[in-house]
Amino acid sequence: MHGIDGGLQDRNHHLGGGARGWKQRGARLGDRPATPSEHEVTPVTDHGPVPPGILVAGAGAAGVSAALWLRGLGLPFRWIGPEAAVGGTLRRVGNPIANYPGCRVADGPALVEKLLGDLDAEGLRPEDGSIVELRGSPDAPPEVRLDGGRVLRPGHLLLCTGTRPRLLGIEHESELLGDRVEISVTRTLERHAGKRVVVAGGGDAALEGALLLAARCPEVHVVHRRDAFRGQARFVDAVRSSARIHLHMENEVVALDPFPGGLSVQLRRGEAIRAGALFVRIGVAPCVPAGIPPGCLDTDGYLRTSLDGHTGWAGVLAAGDVTGRQHQSVAWAVGSAARAAESIARDGGWKALSLRGDAAGDAG
Ligand SMILES: Cc1cc2nc3c(=O)[nH]c(=O)nc-3n(C[C@H](O)[C@H](O)[C@H](O)COP(=O)(O)OP(=O)(O)OC[C@H]3O[C@@H](n4cnc5c(N)ncnc54)[C@H](O)[C@@H]3O)c2cc1C
């Protein structure tokens, strides 16, 4: 193992991504304080000594980019994601991706296939694992608590944990999830083809989902709590001109009443729509592990970072969608993760974003 305590095998290192050279060193790297995770043999790369154990969390576009860049930099690392699944949000993207330079694809899953190909070429895969909580004080790298009770003590933690879809928070929603209440349109379209369906939401995800559903379902009801949509004009125009899509503006889903094979979707203004499925597409929330102090977050709950990815917690960096709602794209996920990986290689020791000044202007 290389600097991370715990039961995980250093799989990505053994698969061939090790450092470019090895050098005997004492128990200290520079003047960094000693930790239980330090080892007597410290690998050396073109950038100097390898920083103490690196843990990457998340296997969406940002996590994949981080893994490929760390491999390219010759840094050994551990990489975890829930159920070891690769793709993250991309698996829910049904529209063509045409704004990631050099890589036009029909939809998110097609890009995931390309990412898997890149990982195969490097012999890389995440391990099954999910961060539950960070413990410690933000002036030193945290103790990382994983599901299943495992505890890791990395010198650097790169959070690429992205976002998760928001839910309505109403009765029966959770118990019907994956059955008659759905988050993903692309993954469930075939199962619900031919049914009357309801879509809750008014942004890109809701409108794009409604359009995909309208191609396969006779009646699509879109319920949005505002009087105007927030989505891109191309989606709004297409939704408004579809004969199959019925709009319920300034309205909300307030209750669900399941029956065999369907559910009654009750709206605030009194209507009830008998449908085969409800698609909840009301935006996303950042996946920030418990234990991170509020001072490390922006007003929307996303992780504040310096330009090179450092958060307000020493040794904890972040990349991709979890770093802000303003710039969520494949290009940002890939680029910010590359930059964070290079920061780790360059810095060697622990570092934290100064929370005294403006995060956006602080290059860390
Ligand atoms: C409908 C839709 C259309 C889009 N269209 C485009 C487009 O055309 N062009 C474009 O550039 N972008 C588009 N995007 C945005 C793009 O998909 C995202 O910006 C990008 O995929 C985010 O990647 P990420 O790795 O930062 O996060 P995610 O893909 O969310 O990955 C996060 C990963 O972290 C894991 N994770 C979460 N919590 C933990 C934890 N505690 N421990 C360990 N792992 C954890 C998750 O399981 C997931 O695998 C679209 C998004 C949507 C929803």
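Does the stretch 109-117 contain at least one residue that is touching a residue at least 12 places away in the same chain (Cβ under 8 Å), more than 10 Å from the ligand (Cβ to nearest atom) and assigned to a loop (DSSP other than H, G, I, E, B)?
no
Taking the conditions exactly as written (modelled with pLDDT under 95 and either among the polar types (S, T, N, Q) or over 19 Å from residue 68 (Cα atoms) (or both)), does residue 152 satisfy them or not?
Working: modelled with pLDDT under 95: yes; either among the polar types (S, T, N, Q) or over 19 Å from residue 68 (Cα atoms) (or both): yes.
Answer is yes for this residue.
Report, by residue number, each residue of the stretch 108-125 that is within 20 Å of the chain's Cα centre (by Cα) and over 30 Å from residue 204 (Cα atoms).
Result: 124, 125.
Which residue is nearest to the ligand (Cβ to nearest atom), if the candidates are limited to the stretch 128-143 and must be within 28 Å of residue 283 (Cα to Cα) and either assigned to a strand (DSSP E or B) or acidic (Asp, Glu) (or both)? So that I can check it myself, show each step before the final result.
First pass over the stretch 128-143, keeping only residues within 28 Å of residue 283 (Cα to Cα): 128-134.
Next, only the ones that are either assigned to a strand (DSSP E or B) or acidic (Asp, Glu) (or both) stay: 128, 131-134.
Numbers: 128: 10, 131: 4, 132: 7, 133: 9, 134: 10 Å.
Within the stretch 128-143, the match that is nearest to the ligand (Cβ to nearest atom) is 131.
What's the number of the only condition in (1) closer than 19 Å to residue 338 by Cα; (2) within 11 Å of the ligand (Cβ to nearest atom); (3) buried (at least 17 other Cβ atoms within 10 Å of the Cβ); (4) of a type outside the set (Gly, Ala, Ser) that residue 124 fails to meet?
(2)
So how many residues does the stretch 83-101 have that are of a type in the set (S, T, N, Q) and either part of a loop (DSSP other than H, G, I, E, B) or over 16 Å from residue 321 (Cβ atoms) (or both)? Write out each step before concluding.
First, the residues of the stretch 83-101 that are of a type in the set (S, T, N, Q): 89, 95, 99.
Narrowing further to those that are either part of a loop (DSSP other than H, G, I, E, B) or over 16 Å from residue 321 (Cβ atoms) (or both): 95, 99.
Selection size over the stretch 83-101: 2.
Filtering the stretch 159-194 down to residues that are part of a loop (DSSP other than H, G, I, E, B), among the hydrophobic types (A, V, I, L, M, F, W, C) and within 14 Å of the ligand (Cβ to nearest atom), which residue is farthest from the chain's Cα centre (by Cα)? Walk me through how you get there before you give the answer.
Of all residues in the stretch 159-194, those part of a loop (DSSP other than H, G, I, E, B) come to 160-162, 166-172, 178-180, 183-188, 193-194.
Filter once more, keeping what is among the hydrophobic types (A, V, I, L, M, F, W, C): 160, 167-168, 170, 183, 185, 193.
Filter again for within 14 Å of the ligand (Cβ to nearest atom), leaving 160, 183, 185.
Working: 160: 6, 183: 15, 185: 18 Å.
Residue satisfying both the conditions and the ranking: 185.
Report whether or not residue 159 is within 27 Å of residue 102 (Cα to Cα), of a type in the set (A, V, I, L, M) and outside the structural domain of residue 324 (by TED's automatic domain parsing).
On the way: within 27 Å of residue 102 (Cα to Cα): yes; of a type in the set (A, V, I, L, M): yes; outside the structural domain of residue 324 (by TED's automatic domain parsing): no.
It is false that residue 159 is within 27 Å of residue 102 (Cα to Cα), of a type in the set (A, V, I, L, M) and outside the structural domain of residue 324 (by TED's automatic domain parsing).
Looking at (1) outside any helix (DSSP H, G or I); (2) over 30 Å from residue 212 (Cα atoms); (3) not β-branched (Val, Ile, Thr), which is the only condition residue 148 fails?
So the condition that residue 148 fails would be (1).
Does residue 75 satisfy the criteria of being touching a residue at least 24 places away in the same chain (Cβ under 8 Å), surrounded by fewer than 22 Cβ atoms within 10 Å (Cβ to Cβ) and more than 9 Å from the ligand (Cβ to nearest atom)?
Numbers: touching a residue at least 24 places away in the same chain (Cβ under 8 Å): yes; surrounded by fewer than 22 Cβ atoms within 10 Å (Cβ to Cβ): no; more than 9 Å from the ligand (Cβ to nearest atom): yes.
No; evaluated as a whole, the condition is false for this residue.
May I ask you to list the residues in the stretch 195-209 that are hydrophobic (A, V, I, L, M, F, W, C) and in a strand (DSSP E or B)? Can you show your working first?
Restricting attention to the stretch 195-209, the residues satisfying the condition of being hydrophobic (A, V, I, L, M, F, W, C) are 197-200, 205-207.
Passing the criteria: 197, 198, 199, 200.
Show me the strands (runs of 3 or more DSSP E) found entirely inside the stretch 268-329 where at least 2 residues are within 12 Å of the chain's Cα centre (by Cα). Full working, then the answer.
Details: elements: 272-275, 277-280, 284-286, 316-318.
In the stretch 268-329, the matching strands (runs of 3 or more DSSP E) lie at 284-286.
Just to check your reading of the model, which residue among 320, 309 is within 8 Å of the ligand (Cβ to nearest atom), crowded, with 22+ Cβ neighbours inside 10 Å, on the phi > 0 side of the Ramachandran plot and modelled with pLDDT of 95 or more? Give the derivation first.
Details: 309 fails: within 8 Å of the ligand (Cβ to nearest atom).
So the residue among 320, 309 that is within 8 Å of the ligand (Cβ to nearest atom), crowded, with 22+ Cβ neighbours inside 10 Å, on the phi > 0 side of the Ramachandran plot and modelled with pLDDT of 95 or more is 320.
The values are calculated or read from the model by the stated rules, or taken from the named source; none is laboratory data. Here the structure is a predicted model, which is why all the values come from computation and not from measurement. A quick note on method: Cβ atoms are made from the backbone with ideal geometry, for glycine too, and the neighbour counts reach across all protein chains shown.
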